[in-house]
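Handing you a structure now.
The values are calculated or read from the model by the stated rules, or taken from the named source; none is laboratory data. This is a predicted model, so every value here is computed, not measured. All Cβ positions, even for glycine, are placed from backbone atoms using ideal geometry, and neighbour counts span all protein chains on display.
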Amino acid sequence: MVPSGDLSRSDRIDLAMAAPVLFTSMLDVDHHDTGAWHPERSSRLPAVQVAIADPAVHEVIEMAEPRQATIDDLALAHDASYLAGLEQFITSGRGELDPDTQTSIGSWETARWAAGSGLAAIDALDRGEADAAFVAIRPPGHHATATQAMGFCLINNVAVAARALTARGQRVAILDWDVHHGNGTQDIFWDDDRVLYASIHESPAYPGTGRASEVGASGAAGLTVNVPLPAGATGDHSLAAFDTIIGPAIEAFAPDWILVSAGYDAHRADPLAGLAWTAGDYGLLATRVRSLAPASGRTVFLLEGGYDLEALTSSVTATIAAVAGVDHETEAPSSGGPGRDDVIIAARFRARALES
Amino acid sequence: MISRLVIGLDGSHGSRTAATFAAELATRCGASVLALHAVGLLDRVPSEREPVPSHQHRVEILNELKGAWSEPLTGLSPEYRLVDGNPVSALLRTATDPGDVIIVGSRGAGGATDLGSTSSQTAKMAQVPVVIVPSIDDPAPPERAR
Ligand SMILES: [Zn+2]
């Protein structure tokens, strides 16, 4: 959109600074039906669509087409036998992989679109089409291990994207701010020294992993960074965790790319978890990610969880506004909850991992 | 040799059958019993109810685990534990000692692939022996455990 001539001074500055953000949605190819009552439901993608229609960010959005991942793409992060079994399970019409994880007949094709969307975003960023990308996908991925579907996740989307990048010799930092620990992503990159995995999550909570003492295998010690926070923790402690632990870890690692497992279930309105973040907190975190971006066009946000649709909408808008560097009025950041001591403890584990 | 039986319980018919078998095995070999429930993502958002705070939910679910779900284990003084995760990962992370034996009910999901059932996935990946207890008189297809 071309700015009109009667902009206020602040609007002019915003537009001059605004960085285009690529947006990939698989809205038209989502045939992953989890059932009417399931929180990880098809209406989540339209809620993200509402987020980018917000006037604050609408002008910075560059739409990009998704693509379907091939089996070879998926095999970057998963065992071939798992992929064959998963396809067979889904297409034979069975529905429940575990008590949380439902599939429908269209789930296999949809999961391939989800994993491929991250790859398509990387391709588009390679062509210089934008400064960063937001990939709106489902089902989410960060609980899926190389050999196991769980926690609503079938294919580990961020792991597929990261492995596509390391396959061409690049180093990748993954920041996982979904409220749940990304056990699958951690597991896949546990001994991989080309990938840094850093997670902020609620604990105790599903899936039970992600203690601060989990720092990676001996050849990759310190390349897994976990900051578990207690129920009720507010965004101020996540920012402190980013500023004192995760940000320095990413800077020291000097990645070529930053991939964000962008879940929005740490929002205080989310029904599945107990952290107390607001949309404003996501904006502040995204601003910090932007400040660490290795170069223009080297940051991809991949949607993970987020089950309150209004919170999902406002938080995604806040994220994109922050990444683009445009002003945007949103919920005030949260502060004053528990979590301070937990960040200090996580920092100690981090320091110990670096000594060893 | 068999020092502890680790039983996955979720209130289903299959898990009750497994508990009944475990009670007999524990009595015969003098093993201790750990009754475990995996707390999943959906545990706190039952379809018919509003989400409940997680601590309140954990108290409720622990009461169920100690009560009706473990009824066949009465008299064996089992240890009760809630473990976050899906059933497979919770069992695998918990049963790691050499004397552990995992006991799970078969929920009848034994089709063309081994991806679909807790029991077969557990058996495939476990580092300790696994006993899968069939529930042949299961009258209905497997139901979601709540
Ligand atoms: Zn989550």
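Of all the residues that make up region B:59-94, how many are of a type in the set (A, V, I, L, M) and under 12 Å from the mean Cα position of the chain (by Cα)?
The total comes to 7.
Report, ordered by the first and then the second residue, all pairs with beta carbons closer than 7 Å, sequence separation of six or more or different chains, a first member in region A:224-238 that is in a helix (DSSP H, G or I), and a second member that is charged (D, E, K, R) and surrounded by fewer than 24 Cβ atoms within 10 Å (Cβ to Cβ).
Filtered contacts from region A:224-238: A:237/A:340.
Residues of region B:1-44 being among the basic types (Lys, Arg) and free of Cβ contacts under 8 Å to residues at least 60 places away in the same chain, which ones?
B:28, B:44
Does region A:124-154 hold any residues that are crowded, with 23+ Cβ neighbours inside 10 Å, part of a loop (DSSP other than H, G, I, E, B) and within 16 Å of the ligand (Cβ to nearest atom), and which are they?
Within region A:124-154, A:137, A:138, A:139, A:140, A:141, A:142, A:143, A:144, A:149, A:151, A:152, A:154 meet the criteria.
May I pose another question? Kindly list, by first and then second residue, each pair from a residue in region B:68-96 that is more than 21 Å from residue B:43 (Cβ to Cβ) to a residue that is in a helix (DSSP H, G or I) and hydroxyl-bearing (Ser, Thr, Tyr), limited to pairs with Cβ atoms under 6 Å and residues at least 6 apart or on different chains.
Correct list of pairs: B:72/B:20.
Please work out if residue A:284 is within 11 Å of the ligand (Cβ to nearest atom) and either surrounded by fewer than 24 Cβ atoms within 10 Å (Cβ to Cβ) or more than 16 Å from the chain's Cα centre (by Cα) (or both).
Criteria not met by residue A:284.
Would you mind stating whether residue A:304 is at negative phi, more than 16 Å from the ligand (Cβ to nearest atom) and among the acidic types (Asp, Glu)?
no
Let me ask something additional. Would you say residue A:274 is within 15 Å of the ligand (Cβ to nearest atom), outside any helix (DSSP H, G or I) and either within 23 Å of residue A:160 (Cβ to Cβ) or β-branched (Val, Ile, Thr) (or both)?
So residue A:274 does not fit the description; no.
If you don't mind, another one. Quick test of your reading of the structure: residue A:115 fulfils all but one of (1) within 16 Å of the ligand (Cβ to nearest atom); (2) touching a Gly at 6+ places or on another chain (Cβ under 8 Å); (3) more than 14 Å from every other protein chain (Cβ to nearest Cβ). Name the failing condition by number.
Condition not satisfied by residue A:115: (1).
In addition: Here is a check on your reading of the model: is residue A:295 away from the ligand (no atom under 16 Å from the Cβ), modelled with pLDDT under 95 and assigned to a helix (DSSP H, G or I)?
Here the answer is no, as residue A:295 does not meet what is asked.
Right, next: Applying the selection to region A:162-218, what residues are closer than 20 Å to residue A:254 by Cα, of a type in the set (Gly, Ala, Ser), under 16 Å from the mean Cα position of the chain (by Cα) and not in a helix (DSSP H, G or I)?
Within region A:162-218, A:173, A:198, A:199 meet the criteria.
To keep it simple, each residue is scored yes or no on (1) among the hydroxyl-bearing types (Ser, Thr, Tyr); (2) free of Cβ contacts under 8 Å to residues at least 24 places away in the same chain; (3) under 19 Å from residue A:237 (Cβ atoms).
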site	(1), (2), (3)
A:270	no, no, yes
A:278	yes, no, yes
A:285	no, no, yes
A:305	no, no, no
A:308	no, no, no
A:313	yes, no, no
A:317	yes, no, no
A:322	no, no, yes
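Could you tell me whether residue A:125 is touching a helix residue (DSSP H, G or I) at 6+ places or on another chain (Cβ under 8 Å) and of a type in the set (A, V, I, L, M, F, W, C)?
no
So for region A:155-175 (the condition being crowded, with 24+ Cβ neighbours inside 10 Å, within 15 Å of the ligand (Cβ to nearest atom), under 21 Å from residue A:348 (Cβ atoms) and away from chain B (no Cβ under 11 Å)), does at least one residue qualify?
Yes, that holds for at least one residue.
Let me ask something else. Within region A:307-336, count every residue that is within 16 Å of the ligand (Cβ to nearest atom) and of a type outside the set (Val, Ile, Thr).
So the count comes out to 6.
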